[in-house]
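What follows is a set of notes on a single structure, which appears directly below.
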Amino acid sequence: MTRWFQDIGWRHLVGVVALLFALFPVAWVLSASVNPTGTLAGQQLIPAEPTLENFRALFATDFWLWFRNSLIVAGTGALGTVLLAALAAYAFSRLRFRGRRTGLLSLLLVQMFPQLLAFVAIFLMMIAIGDVAPAIGTGTIAGLILVYLGGAMGVNTWLIKGFFDTIPKDLDESALVDGATHWQVYSRIIMPLAAPILAVVGLLAFVAILNDFVIANAVLSQNSDSWTLSIGLFRYIDDRYGARWGPFSAGAVIGSIPTVFLFMFLQKYIVSGLTQGSVKG
Amino acid sequence: MSTTDTKVDPAGGASRSPGRGSGDGSDPSWLERITGGGSPLVVLLRISLLGLVVYNAVVFTARLVDERAWLALGAMWLATVGLVWLFTRPGRIPAKFIVPGTIFLLVFQIYPVLYTGYIAFTNFGTGNVLDKPTAIEQLQAQATRVPPDAIRYDSTAFADETGALALLLTDPDGEQLFGTSEELTPLDDLGDVTTEGEQVTAVGAFERLSLVDAQEFASELQELRVPTDDGAIQLQSLTTAARAESTRVYDEEQDLVTDTVTGVEYRPVEGNFVSDDGDVLTPGWVAIKGTENFTRAFTSPLIRGPFIRVFIWNYAFAIGSVFLTFVLGLGLALALNEPRMRSRRLYRSLLVIPYALPSFLTALVWTGLLNTEFGAVNGLLGADLPWLTDPWLAKISILLVNLWLGFPYMFLVTTGALQAIPSDMLEAASVDGAGVWQKFSRITLPNLMITVAPLLIASFAFNFNNFNTVYLVTRGGPPIQGAQTPAGHTDILVSYVYRIAFESGRGADYGFAAAIAVLIFIMVAGISAYSFRYTQALEEIA
C-alpha cells in the first residue's frame, strides 16, 4: 500500500487537490445561478431549493442582445481572420516573389505593436469614421469587426504558413500542371488539408475577440444596442455586485457555453496546434 | 537565401497565361483579360466585390469632400484604383493573396499605432478636440449680442433621437434655412426633407417638435447658437430668432481674438486662446505641444510617484504570473505524466476547464468570490480578509486569479514538451545512478526549456498587457492616495492608460494616455525583440 502511494497514489492526491482549485469557482457559479436568494450574501454551495429565478431576472436585461452581438462579432471576426491570414499564408508558403522575406519579417515586426495598446487612437479614429460612414463608425458592430480584422495577419499568418509548409508541394504542383489556377489549388487542395490549424487559429481568434473588453468598449460604449457580452455583463454587475450576483452567475453559465462547446469539439487539434504553432514562432 | 527569393516559381509563371482555368479553348478575349479567367462563379464574385469597392468609394467621396478630409480621400482612391488594377489583370498572384489582409492591417493596426504616436505629442483631450478654425467659429458663436437692426427669422424647433437640436428658419424674404449647432444650410440644399402640405415635418434624422415639446427643451434651445460667418443665429422666443453678431473678433494676421465689449485680447497658448490675466477661452483646438506628455510622467511629482509604482508592479505582475503558472503547470504535468496512472485523461480534460471558459467572465466571477463580507474564499477560510481593498492583498489576489486562469495553458504545453523528451535519456541516467532531482534538473528541465522558453517569453509579453485580469477583478484599485491621475495599487500600465483616457474625473487626457501607450509600445517591442533570439523563426524563412 505505501509502495503504491509512493509510486502512484500521491499523484492522485495532487490531481484531486488541483481539481478542487480548478473547479471550485466553476461549482460556485453553477450553484449561484440556481440559488433562490440571488444575492452574494445568500449564497451556499448546495442551494436548498434550486430555482430558475435568476435566469428569468437575467433575461429581463438585454442579455440575449449582448449574447447575439458577441456571437456575431466573434464568429465573423474569427472567420475573417482565418480567411485573410490563410490567403497571405498561401502566398508566403507556396509562391516565391521579391519582398517575401521582408514581408514575413514585417509581420513579425508589426506584432511588436499590439493593436490593444492603440485603443485611444482607435477610439478617436472610429469617431472620425462615424462622421463619414455611420454604418461602420463608432458604436457599430460592423466597425468593431473591421477593427479586429486589422489584427488578423501577423502571428496567425505565421502559424498557418508553418502548417502549409508541411503539406507536400507535389500535390499542388501536379494540379498546376493540370491547369488549375492558384486560387483553385488554394481553395480545393490546401485549405481542406489544413483544417486542423485553421480550426485552432479560428478558435483562438474567437476566444480572443469574445474576451476583448478594451477595444470593444472603446468602439461600442456609446451605443448600448451594440454592446457585446463583456461590456454588457460588466456594466450590469459593476457596483451592484451583491444584489445581482445570482442573475450574473446565470449569465456567466450561458456565456461560457460557446467556448466550452468549441473546446470540446476541437480538443484533439488544440494541444498539437498550440505547441507546434508556438514553437515555430 | 536571397537567390531563392528572387527566383520566379515555374508554377507561378505557368499560370500567368490568362484564361487557363476557363477551359473553353477560345483566345483570351477582352472579357477574360479583365476577369483574369477562372470559373464563372469566381469571376462573378470578383466583379461584384470590386464593384462594391468602387461603389463605396464613390459614395464616400461626397462625404469626405464635405468633411474636407483630403488625406483620407486620396488614400481611399489610391486603394480603390490599386485594387481594381490588381484584380482585373492576370499575374501578380502573390499580391492578390497578400493584399486583402494587408489593407486591414494598414488601416486598423498600423495607422492607429502611428496615430497614437502623433496624439502623444498633442494636447488632445476634453476641451481640445476640434481643429482651430472650428474652435474659433464656436468661440465667436458663444459670445453674441443682437444689434437693433438684426435680421429676424420665424423659427421652428427640431430634434433628433440623440437630443441634438436644430432650427428651421424663415427669413423676411421667405427663404428657408436649416441650422444646427454646427452649420447653417439653405433648406433647398438638403436632400432628405419630409413635408406634409406646406409644413416641413422632418429633415434628415431631425423631427419637428410641437410647441409643447419645444417648451420642454426651452433652456437648451435658448443656448443653441447656429454659427454664421460673423456671429450666430439665436432664439429670441420659441418661435422667433435673430441674427446676432459676435462680440469676439478674430484677427487672422496677428492670430488673436479681441472681445469688442471689454477690449480684452486673447492670444493662442498651446491650443487655447488665453488673455494676459490667464482667462482661458474654451473650446480649444488640437495643438502640438511637444514632449511635455512624456516628461510629465517623470517630472510632475503627483504623477511620477504613482507612475513609477504602476511601472514596477507591471513587471512584478508579469514575471510573477509567468513564474507561478509555469511552476504549477509543470508540477502538475510531472505528477500526472505517469503511464501507469489511471484516469490520467479525465484529470487532464477537467484541469483544462479554466482555460476553456471566457476569461472576462471568470475574472468577474472571482471578484465575487473574493468579496470581503460574503465571498466564497473568506467563507471557506472562515476569515474576514479584505482581498480586494487592501493594497498588498489585492496584489496577491490578482496573482492568484491569474494563476488560476493561466496554469492550464502551462500544464498543456509542458505535458506536450515532457512527452517529447526521449525516455532513453532518463533511463540511461537512472542506470548511471542519478537521483530523481538530478534527472529533473540535468535532463528534464534543460530539454523542456528548449521548447518552452519561447512560450514563457510570449506569456510574459501577454501578461505585461493583461488588462482583463487587472481591470475586471479590481478595476486597478485600491486607489493610490494623492495621485493626480487615476492610479491604483494593482493598476498595470495598460489599465492605467485606459483609466486616464476614459475614467478621469477631470475629463479625458488622450495626449497623456497616448504618451504612456507609446512608452509601453517601446517596452513591449524590447521584450519581443529579445524573444526573437530564442525563436528559430528568423532562420526558418527559406
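The values are calculated or read from the model by the stated rules, or taken from the named source; none is laboratory data. Just so it is clear, the structure is predicted and the values come from calculations on it, not from any experiment. Cβ: placed from backbone, ideal geometry, glycine included. Neighbour counts: every protein chain shown. Calculation scope for accessible area: heavy atoms of the full protein, side chains included, ligands and nucleic acids excluded. Shrake-Rupley method; radii C 1.70, N 1.55, O 1.52, S 1.80 Å.
Key figures for this structure:
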item	result
Within the accessible area of the range A:132-264 (1.4 Å probe), percent carbon and sulfur	64
Solvent-accessible area, 1.4 Å probe, carbon plus sulfur percent, for the range B:171-260	41
Accessible surface ranking that places the most exposed of B:TYR250, A:TYR241 first, with a 1.4 angstrom probe	B:TYR250, A:TYR241
Largest-first ordering by accessible area, 1.4 Å probe, given options B:GLU245, A:GLU53	A:GLU53, B:GLU245
Theoretical FRET efficiency, 1/(1+(r/R0)^6), r = Cβ-Cβ of B:TRP392 and B:VAL327, R0 25 Å, to 0.05	0.75
In sequence order, calculated HN-Hα J values of the range A:90-98 (Karplus, 6.51, -1.76, 1.60; Hz; x Gly/Pro)	4, 4, 5, 8, 9, 9, 10, 8, 5
Net charge, B:ASP131 excluded, C-beta distance under 14 Å - Lys, Arg +1, Asp, Glu -1	-2
Whole-number percent relative contact order across chain B, with pairs defined as alpha carbons under 8 Å at least 6 apart	14
Degrees, to the nearest 10: B:445-464 long Cα axis against longest axis of chain B	20
Where B:MET449, A:MET191 fall by accessible area, highest first, once all protein chains stay in place (1.4 Å)	B:MET449, A:MET191
Cut-off under 5 Å, modelled amide H: who pairs with B:ILE233 long-range	B:VAL226, B:THR228, B:ALA244
Accessible solvent surface per residue of the range A:229-270, calculated while the other protein chains remain in place, 1.4 angstrom probe, Å²	41
For chain B, diffusion coefficient by Stokes-Einstein and Kirkwood Rh (Cα), 25 °C, 0.890 mPa s, µm²/s	81
Separation between Cα centres of the range B:126-144 and the range B:49-82, rounded to whole Å	29
Lys, Arg +1 and Asp, Glu -1 on Cβ, resulting dipole of the protein assembly as shown about Cα centre, debye, nearest 20	5260
Inter-chain shielding of B:375-385 (mean C-beta neighbours from other protein chains, 10 Å cut-off)	2
Heavy-atom surface of chain B, accessible at 1.4 Å and reported per residue (Å²)	50
Area accessible to solvent at B:VAL81, 1.4 Å probe radius, in Å²	90
³J(HN,Hα), Karplus 6.51/-1.76/1.60, whole Hz, each residue of the range A:178-189, x for Gly, Pro	6, x, 6, 8, 4, 4, 5, 4, 4, 7, 9, 10
Residue-by-residue Karplus 3J(HN,Hα) for the range B:212-220, coefficients 6.51, -1.76, 1.60, Hz, glycine and proline x	5, 5, 4, 4, 5, 8, 3, 5, 5
Buried accessible area, chains B and A (both chains, 1.4 Å probe, Å² to nearest 100)	9400
Residue-averaged beta-carbon neighbours from other chains (10 angstrom radius) around B:146-157	0
Of A:LYS169/B:LYS96; A:LYS268/B:LYS395; B:LYS395/B:LYS439, those spanning more than 31 Å from alpha-carbon to alpha-carbon	A:LYS268/B:LYS395; B:LYS395/B:LYS439
Helix B:40-66 vs. chain B, principal-axis angle (Cα, 0 to 90°, nearest 10)	40
Exercise: per-residue mean of other protein chain Cβ atoms within 10 Å, A:170-176	2
Mean separation of Cα contacts under 8 Å (6+ apart) over length of chain A, as relative contact order %	32
Of every Cα-Cα pair in the range B:105-258, the percent that sits beyond 29 Å	32
Separation between Cα centres of the range A:52-98 and the range B:320-358, rounded to whole Å	28
Rounded accessible area per residue of the range A:1-148, 1.4 Å, Å²	43
